[in-house]
1. Restricting attention to segment 153-166, and to residues there that are outside any helix (DSSP H, G or I) and at pLDDT 90 or above, which single residue is least open to solvent (accessible area, probe 1.4 Å)?
2. What pairs can you find where one residue is in segment 56-67 and in contact (Cβ under 8 Å) with a residue 40 or more places away in the chain and open to solvent by 10 Å² or more (accessible area, probe 1.4 Å), the other is among the aliphatic types (A, V, I, L, M) and part of a helix (DSSP H, G or I), and their Cβ atoms are less than 9 Å apart, with a gap of 6+ or different chains?
3. State which residue pairs qualify: first residue among the charged types (D, E, K, R) and inside segment 114-139, second residue open to solvent by 10 Å² or more (accessible area, probe 1.4 Å) and assigned to a loop (DSSP other than H, G, I, E, B) in any location, beta carbons under 8 Å apart, and separation of 6 or more residues or different chains.
4. Quick test for you: out of 84, 90, pick the one residue that is open to solvent by 20 Å² or more (accessible area, probe 1.4 Å), closer than 19 Å to residue 2 by Cα and in contact with a strand residue (DSSP E or B) (Cβ under 7 Å, 6 or more places away or on another chain).
5. Only one of (1) assigned to a strand (DSSP E or B); (2) open to solvent by less than 20 Å² (accessible area, probe 1.4 Å) fails for residue 169. Which number is that?
6. Are any residues in segment 93-115 open to solvent by 40 Å² or more (accessible area, probe 1.4 Å) and not in a helix (DSSP H, G or I), and if so, which ones?
7. Determine which single condition residue 234 fails, assuming it passes every other condition in (1) touching a residue at least 60 places away in the same chain (Cβ under 8 Å); (2) farther than 24 Å from residue 322 by Cβ; (3) more than 18 Å from the chain's Cα centre (by Cα).
8. So is residue 292 at pLDDT 90 or above, acidic (Asp, Glu) and not in a loop (DSSP other than H, G, I, E, B) or not?
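The values are calculated or read from the model by the stated rules, or taken from the named source; none is laboratory data. What you see is a predicted model, and the numbers here were worked out from it, not measured in a lab. Ideal geometry is used to build each Cβ from the backbone, glycine not excepted, and the neighbour counts take in all protein chains shown. These area figures cover heavy atoms from the full protein model, side chains too; ligands, DNA and RNA do not enter into them. Shrake-Rupley method; radii C 1.70, N 1.55, O 1.52, S 1.80 Å.
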Amino acid sequence: MLKVGIIGAGTMGKMHIQAWADTGRVEIAGVYDVNRSYAEMLASRYSAPALDFPQLLQKADIIDVCTPTPTHHQYVIEAARAGKHIFCEKPLARTLEQGEEMLREVEKAGVKFMVGQVLRWFPEYRKAKQLIEEGAIGRPISARTIRGGAFPRGIADWYADYEKSGGVILDLIIHDFDFLRWCFGEVERVFAHSLTYRNLKHFDYTLVTLRFRSGVIGHIEGIFAYPPGSPFRTGYEIAGDKGMLLFDNQATMPLKVLTKPKEGTAGVAVPESPLAENPYYLEIEHFLTCVEEDKEPEVKPEDGFQAIKIALSALESVRVGKPVYL
């Protein structure tokens, strides 16, 4: 049985360790966190020890990195050099240079590596990609996404330090960047407007426009401004020359397919509300299967890198007030 070590005992660490346990196919080797008491509390729930990082590297076959973004670089590189398979929460890294080094070390080590671009396992998003590929809306033309919630709080309020977190662009809508690239291919231009650098306390908003090589135009809206306790909001509108996909997680019929009418008929709205297993469980179970069966994960290392490349280009566009070409 493979042994999994969890790095980070915060929100995502708790989410991931439960997903690993639910597979029934791994042993929790231990938990490491810079705050020892947090590691001990989380580890004890799974009859596992709290360990320091070198001990965790010795005991685990798989390392799951669930720490703040600026620390991903260090943990992934050390785990790769120790020959461990690695699952890393998004975003891959804080800078392109860090991301490039991480990918080099992972490739050199020959280990499995996957970034947690979990949107690919949310059924409404996975279904959208399937429908697009099946031609349900014809040739895709444009896509609009929205993602928003309350401003997140973390240890030492690190999300509010945009040089560490990258704000709403790097931390939140990187999910949508990955989803849209998954659907429509490579991005050639990024243009962004944002409040990220306006020195607003616990408030961030952005609107990013992407132009894809395929000709699709994307509009991505990200919001860290809702009152605490507000429902998290996600949605998309994807238009093609034969119809449109609509999704709103707060609607009673979350996913609709609107097709252009044939002669003498009315348009049809088809409600879809697929029941899902926990997407965090699905992505981790997928990665575990890839390790067990020596397969390549669906989210390849390059996918994680391209997502931060788009996000960091958007942050650069905000700084310079101009489009950035990839």
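1. Restricting to residues being outside any helix (DSSP H, G or I) and at pLDDT 90 or above, the top hit is 166.
2. Taking only residues 6 or more apart or on different chains, the pairs are 57/79; 61/291; 66/12; 66/15; 66/17; 67/12.
3. The qualifying pairs are 120/298; 124/249; 124/254; 124/274; 127/274; 139/241; 139/242.
4. Just one listed residue meets the conditions, 84.
5. (1)
6. 95, 110
7. For residue 234, the exception is condition (3).
8. For residue 292, the condition - at pLDDT 90 or above, acidic (Asp, Glu) and not in a loop (DSSP other than H, G, I, E, B) - is met.
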